[in-house]
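First the structure, in the form of structure tokens, and then the observations on it.
Read-outs: derived from the displayed coordinates by stated rules, not from any lab. Everything numeric here is computed off the predicted structure, so don't read it as measured data. Cβ placement follows ideal geometry from the backbone for every residue including glycine, while neighbour counts extend to all protein chains displayed.
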Amino acid sequence: MHPHRSAQFLTCAILFASATIASQAQSAAPQMPATDLVIKNATVMTASHGTIQSGSVWIHAGKIAGVGATVSAPASAVVIDATGLWLTPGIIDPHSHSALDSDVNEATSPVTPSMHMVDAFDNRQSDLYYALAGGVTTELLLHGSANMIGGQAVVIKNKFGLDRDQMIFPNAPGSIKFASGENPKRVYGSRDQLPSTRMGNFEVMRMAFEDAKHYMADWDAYDAKVKKGDKDATAPKRDLKLEALADVLRGKLYVQIHCYRADEFLTEEAIAKEYGYKIRAFHHALEMYKVADKIAPTETAIATFSDWWGYKDEAWDAIPWNAVMSMRAGVRVALKSDSDDHIRRLYAEAGKMIHYGGATEDEAIRMITLNPAWIIGVDDQTGSLDVGKDADLVLWNRDPLSTYARAQKVWIDGDLFFDNSLPGLGTTHFHGVMHDGGGFGSDDQEDGQ
């Protein structure tokens with residue numbers, strides 16, 4: 001076909017598809033959530049207390065009100081018979097850059113802790129829908145890894161179609177992204193700027209915390225004068241960068257660190273001990289199996305890949321048994337995407353953990369639910385099917401650890417946001433109306449973020 005005709009054909013196809021979706025959306029009735037909903041006869045994988053065969057989950061007012069072989073829901077509850085289907089908590093991605101586009105790195109300085117990823121979050125991006133179709137209900141959207149100390153993350157509930165403010169996870173703890181290793185030294189070394197080596201990386205980090213300590217001391221001295229009634233006390237100049245670093249030292253921000261090599265895990269832990277903060281998790285962490293016994297006592301978790309390696313210098317010593325070996329040594333392990341495409345298959349990545357190392361089904365499910373919830377700091381609200389937690393659930397057509405599994409329905413806070421009941425299509429809420437979806441993401445992989 002002539003290229004001009006091909007372009008015309010493609011344009012017509014896109015317009016036709018758009019018109020079809022719009023027409024169906026207009027005719028669809030708004031989906032008002034039921035006050036009470038019971039999903040019964042499912043294989044219920046709780047992530048916290050085992051698997052219940054032919055189990056039921058009762059949802060009331062956006063929360064899980066009952067879990068078990070039977071539940072005491074009111075007779076008026078809407079009932080879904082899930083015979084032959086599987087029910088799990090919503091999948092949680094503790095390392096995502098979805099809907100941040102090219103704004104993921106502020107690569108103008110190696111230390112930029114006052115940046116906020118919420119300011120770059122574009123809730124209209126289709127990445128979010130693809131993730132939702134893969135059962136992902138919660139994401140930690142992180143700054144990139146160009147900086148030794150990057151910006152502050154935002155936690156979202158994947159309520160695709162709602163306003164941006166409605167997608168922010170309420171009261172989730174704050175996290176900040178650090179990055180050691182090749183990325184920051186490559187970014188700034190190419191400009192003949194500090195840091196250009198691993199030595200430079202850690203010097204930049206230590207100096208930033210020295211500055212933060214002096215900043216905190218100045219404010220402490222000022223506050224002490226004010227308490228004593230000194231009316232002539234002059235407040236120090238407010239510095240957003242140092243204020244954010246002070247929050248790290250005060251323990252107000254979870255520290256999430258992009259780090260690959262075994263020696264650097266130990267260095268990062270030593271610096272954290274020196275300055276008095278805790279590391280929540282190492283991300284990527286492909287060499288954790290080498291030093292897991294030393295990291296486990298610190299209670300630092302890891303968010304890692306299943307079997308990705310060899311894509312950069314720091315990834316040559318990776319092995320697919322890393323996650324399970326680290327877990328067996330006592331490290332809390334989660335799997336993550338770091339990819340707008342990979343995020344929709346996290347359930348299959350968890351399944352690989354049974355093959356690579358012999359994880360149990362419960363352990364594999366926890367790697368994509370309860371463990372990443374802990375890394376983000378929301379495990380008291382989501383990540384498992386327990387009474388009182390948010391009703392973030394996924395109904396699957398088969399064992400969710402199978403590569404053949406597909407999400408059939410996805411609830412977030414008890415509202416249905418994805419429904420694969422239409423042949424060949426998925427549907428998602430969009431301002432209270434069900435919209436047709438479908439298709440999948442690109443194959444772009446942004447390693448190093």
Practice problem: Mind giving me the nanometre distance, one decimal, between the label points for E274 and H355, set 7 Å out from Cα along Cα→Cβ? | Solution: 4.3 nm
Quiz prompt | Whole-Hz couplings from phi, Karplus 6.51/-1.76/1.60, listed for the range 307-321; x for Gly and Pro | solution = 8, 9, 7, x, 8, 6, 3, 6, 9, 6, 9, 6, 9, x, 8
Quiz prompt | Estimated FRET transfer efficiency when R0 is 41 angstrom, pair R250-T83 (beta carbons, to 0.05) | solution = 0.20
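Based on the Cβ-Cβ distance of A235 and L194, what FRET efficiency does E = 1/(1 + (r/R0)^6) give at R0 = 30 Å, to the nearest 0.05?
Here the calculated transfer efficiency is 0.45.
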Quiz item: Is the shape of the range 84-146 rounded, prolate or oblate, going by the alpha carbon gyration tensor and its root eigenvalues a ≥ b ≥ c, with a/c under 1.5 for rounded and a/b larger than b/c for prolate?
Solution: prolate
Exercise. Mind pulling up the Rg/Rh value for the range 153-200? Radius of gyration and Kirkwood radius, both on Cα.
Key: 1.29
Exercise. Could you list, in their original order, any pairs among K225/K278; K157/K213; K273/K352; K157/K177; K177/K227 whose Cα atoms are separated by more than 26 Å?
Key: K225/K278; K157/K213; K273/K352; K177/K227
Quiz item: Which order do peptides 308-315, 35-42 fall in by mean Cβ count within 10 Å, highest first?
Solution: 35-42, 308-315
Quiz prompt | Local electrostatic count, N397, Cβ distance below 11 Å [Lys/Arg +1, Asp/Glu -1] | solution = +2
Self-check item: Distance in nm between pseudo-label sites at D317 and T298 (7 Å out along the Cβ direction from Cα)
Solution: 1.5 nm
Quiz prompt | Contour minus Cα-Cα distance for A61 and S109 (0.36 nm per residue) | solution = 12.7 nm
Practice problem: Using only the alpha-carbon atoms of the chain, report the extent along each of the three principal axes, biggest first, to the nearest angstrom. | Solution: 65, 64, 54
Quiz prompt | Mean Cβ neighbour count within 10 Å, used as a protection proxy, ranking 58-70, 281-293, 88-100 highest first | solution = 88-100, 281-293, 58-70
Quiz prompt | By average C-beta atoms within 10 angstrom, highest first, the peptides 128-137, 45-54, 157-166 | solution = 128-137, 157-166, 45-54
Self-check item: 19 Å Cα-Cα reach of K40 towards lysines, excluding residues that sit fewer than 8 places from it in its own chain
Solution: K63, K389, K409
Self-check item: Shape call, the range 329-427: gyration tensor on alpha carbons, a/c limit 1.5
Solution: oblate
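Can you give the helix-only mean residue ellipticity at 222 nm for the chain, where every DSSP H stretch with n ≥ 4 adds -39500 (n - 2.57) and the sum goes over all residues, rounded to the nearest 500 deg cm²/dmol?
Using -39500 (n - 2.57) per qualifying helix, the result is -9500 deg cm²/dmol.
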